[in-house]
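**Student:** Please find one structure pasted underneath; my questions will follow.
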Amino acid sequence: MKITEYVTNIKKEIDDPSINKQRKRHLEDELILLNSYQENHPEIENLPSALELFCDMNPNALECRRYEV
């Protein structure tokens, strides 16, 4: 799935008046992460994994370190 498609689906779900508050808050947070990821990586069109989103926001985290061999 493409990032733009997923973002569109999230926006539609957020606009649904029957959505509960917790789900809406979760989707809004996810939307912020995806928009930030998309700004930092405009060349990538595919939906990033949760780890990719985390590492984009926390590049110095132990899980995100890359080592040269």
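Just so it is clear, none of the values below were taken in a lab; they were calculated from the coordinates. What you are looking at is a predicted structure, and each value in this text was computed from that prediction instead of being measured. Every residue, glycine among them, receives a Cβ derived from its backbone with ideal geometry; neighbour counts consider all protein chains shown.
**Student:** How big is the dipole moment of the chain about its Cα centre under a simple scheme where the beta carbon of each Lys and Arg is +1, that of each Asp and Glu is -1, and everything else is neutral? Debye, nearest 20, please. Numbers along the way, then the final one.
**Tutor:** Working: 9 positive and 14 negative charges, 59 e Å.
Result for the chain is approximately 280 debye, rounded to the nearest 20.
**Student:** Also, quick follow-up: Counting only helical runs of four or more DSSP H residues, what would the 222 nm mean residue ellipticity of the chain come to if each run contributes -39,500 (n - 2.57) and the total is spread over all its residues? Working shown, then result.
**Tutor:** Numbers: 3 runs with 41 residues, N = 69.
Calculated mean residue ellipticity at 222 nm is -19000 deg cm²/dmol.
**Student:** Right, something else. Which of (1) 1.06; (2) 1.03; (3) 0.97 is the computed Rg/Rh (Cα atoms, Kirkwood Rh) for the structure on display?
**Tutor:** (1)
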